[in-house]
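In what follows, a single structure is set out as structure tokens and then discussed.
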Amino acid sequence: MRSSRDRQVFQGKGQGKFPHHGRRYQAGPLVPTWPTWQPPRSYSTPGLCQSVAMLPSAGHLLSLLLVIGTGGVVPSPRVALQGCYVAEEAGEQTFRCSQAGLSTVPTGIPNDTRKLYLDANRLASVPAGAFQHLPVLEELDLSHNVLAHLSGAAFQGLEGTLRHLDLSANQLASVPLEAFVGLQIQVNLSANPWRCDCALQELLRRVRLAPGTGTGIVCGPGARPDLVGQEFLALAGEEELCGTGRGGARRSTDVALLVTMGGWLVLVVTYLAHYVWQNREETRRPLKQAPVLPVRSEDSSTLSTVV
């Protein structure tokens, strides 16, 4: 318990004077008071949210800059393929998938690729439209695979851009001529087991071979026995191989048509010549005079009597 002295000191501390009023106040228990809560004031500027919402997003701006910088071609997202990587060689966007163990043409190739290397894999065929999503592709390397079949539309969409195509060291015995229609390319066809027929002869008349690769086009086991192992370009210069087969049948039909038309022309010319010659003979013959019949005396006397 507190002593009387302490109570007096405590009461003295509890009392005080307010100079403005001059009154004494009995101190009571201290009760904390809290200010009444009011909602926070809004300091937003009118129209600011609307202005921010109208601004394009950062992703949209980045896409726009990429379109302007690449001349209208938007690069596709970089997809990580095992054994493949993106590089820049001689200032050209390059995608390399060499020795990647691929058995099919991979997807996810950036569409701004200008050089594509798929060599030394296990590709057995190239389907239609396999590269049509690469609008600026200039060089395509498919060498050292096991390609045995190319679709007639394998290079569809590359007519205006592709310049170099490497198909060497594969298992191609023939290639459809339709696969190269519209392409302005230099192609390497060496080291394949070619059938060496009319189709190959027609193909080589339509494409340009890469320099120094012509000697590598050699007839394979599917060719005629007397052609196996020989260089095709030398044979094609000495022998016309389009006497049989699909191309040969077309050519044989054309020859037969020409022969028929020639026969009809000869017949017409012969008839005209015979007709002209006969007319000339008719004009050269002298005209025969009609015989004069003798006048009998009785007839003459009768005539005179009548007169």
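Before moving on, here are some points about what is shown:
- If you go through the range 181-197 and pick out every residue that is at negative phi and either touching a helix residue (DSSP H, G or I) at 6+ places or on another chain (Cβ under 6 Å) or open to solvent by 30 Å² or more (accessible area, probe 1.4 Å) (or both), you end up with 8.
- Residue, modelled with the lowest pLDDT, within the range 220-232, restricted to residues that are more than 33 Å from the chain's Cα centre (by Cα) and either on the phi > 0 side of the Ramachandran plot or acidic (Asp, Glu) (or both): Asp226
- Just one of the listed residues (Leu258, Leu303, Leu235) is in a helix (DSSP H, G or I), at pLDDT below 90, over 32 Å from the mean Cα position of the chain (by Cα) and under 30 Å from Leu165 (Cβ atoms), and it is Leu235.
- Taking the listed residues Leu158, Leu116, the one that is in a loop (DSSP other than H, G, I, E, B) and open to solvent by less than 60 Å² (accessible area, probe 1.4 Å) is Leu158, with no other qualifying.
- Neighbours by Cβ (under 8 Å, 6+ apart or cross-chain): first from the range 97-125, closer than 13 Å to Ser143 by Cβ; second among the basic types (Lys, Arg) and not in a loop (DSSP other than H, G, I, E, B): Tyr117/Arg96
- In the range 123-155, the residues that are out of contact with any Pro (no Cβ under 7 Å at 6 or more places or on another chain) and part of a strand (DSSP E or B): Ser125, Val126, Glu139, Leu140, Asp141, His149
- Filter result for Gln82 (over 19 Å from Ser190 (Cα atoms), open to solvent by 30 Å² or more (accessible area, probe 1.4 Å) and in contact with a Gly (Cβ under 7 Å, 6 or more places away or on another chain)): no
The values are calculated or read from the model by the stated rules, or taken from the named source; none is laboratory data. Predicted model only: the values in this text are computed from it and were never measured. So basically every Cβ, Gly included, is an ideal-geometry build from the backbone, and we count neighbours across all protein chains shown. Each accessible area value is taken on the protein alone, full model and side chains, heavy atoms only, with ligands, DNA and RNA left out. Shrake-Rupley method; radii C 1.70, N 1.55, O 1.52, S 1.80 Å.
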